[in-house]
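Worksheet: the structure to be examined is printed underneath.
The values are calculated or read from the model by the stated rules, or taken from the named source; none is laboratory data. These numbers come from a predicted model, not from an experiment. Here Cβ is always computed from backbone atoms with ideal geometry, including for glycine, and neighbour counts include all displayed protein chains.
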Amino acid sequence: MDISGIKENLIPPELTRQQISYKYASEADMLNVVLFGKTAKEWREEHPDMKGNMRDEATINQLLVLENVESYNAVLITQGKSQEERMRLLRELVVQQLRTLESLGMSELPQLQ
C-alpha cells in the first residue's frame with residue numbers, strides 16, 4: 001500500500017474544529033475520534049447491521065497504536081494538558097505510528113479473529 005492508501009484507509013481525517021472543541025462523554029470516545037475519526041455512536045449508526053464495535057473491526061496496527069495512545073493520554077492527563085491539546089498531540093502520535101507500521105509492512109500480519 002502506498003502513502004495515499006495509508007491516508008485513505010488507515011489514518012483518520014484531520015480533526016475538525018467541532019471535534020476538538022466538543023466535550024466527549026468519555027476518554028474512550030475521545031480516543032476513538034483521535035484514532036478512527038468518529039465516536040462509537042457514530043460508528044454504530046454507520047454500521048447498524050454489525051455486531052460488536054469499531055475496535056472489534058480495527059486492524060492489528062490500529063490496535064497497537066491504540067495501546068500506545070491510551071498510555072500517552074494518561075501521561076498527558078497527569079501533565080495537566082487540556083483535552084484540546086491532548087487530542088492534537090495524540091493525533092500526531094497516531095499518524096506517525098500508523099505510517100511507521102505501514103512502512104515496515106506491519107499491515108501484512110494476519111488479523112486477529
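Considering each residue of region 19-37 in turn, at least one proves to be at pLDDT 90 or above and outside any helix (DSSP H, G or I). Of all the residues in region 38-81, those that are more than 20 Å from residue 96 (Cβ to Cβ), in a helix (DSSP H, G or I) and either touching a residue at least 60 places away in the same chain (Cβ under 8 Å) or within 12 Å of the chain's Cα centre (by Cα) (or both) number 3.
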